Amino acid sequence: MSQEKEILALEDVRFKAMVSADVKLLGDLMHDDLIYTHSSAVVDGKASYLEAIRSGKTRYKSQKRFEERVRLCGDCALVTGRAEMEAEVNGVQKTLRLRYLDAWTKTPQGWKFIAWQSTSLPQ
């Protein structure tokens, strides 16, 4: 399997784990130095992101991804694309239409998700 296909497979696993609130699996996929910048400009680290899902503060209900592209830069993989998600954040239903950039880094334990940055698309 090419590294690009490996990263896209990991993205599939990660997004499904978000929807199923599989905090254990998400934690295994994430780098300890994760920086997760939401489209709202809220920034989470690994612990705060996982706690938001564990506590139910953030519930992802569905996700679809489009136009994904992987760029390899040494031990880093950059993924760009668009996403549509249904989520509940602090009890408020949200429809998220996003353009995003995320990053994976190769470690001795395999690829780890290290960064997310998203921007809301016009509704």
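Each reported figure results from applying straightforward, stated rules to the coordinates on display, with no laboratory input. Since the structure is predicted, the reported quantities are computational estimates derived from the model, not experimental observations. Quick reminder, even Gly has a Cβ in these numbers, built from the backbone with ideal geometry, and neighbours come from all protein chains shown.
Computed quantities for the displayed model
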quantity	calculated
Candidates 8, 26, 50, filtered to the one that is touching a Gly at 6+ places or on another chain (Cβ under 7 Å) and buried (at least 16 other Cβ atoms within 10 Å of the Cβ)	50
Residue 50 being out of contact with any strand residue (DSSP E or B) (no Cβ under 6 Å at 6 or more places or on another chain), aliphatic (A, V, I, L, M) and in contact (Cβ under 8 Å) with a residue 12 or more places away in the chain	yes
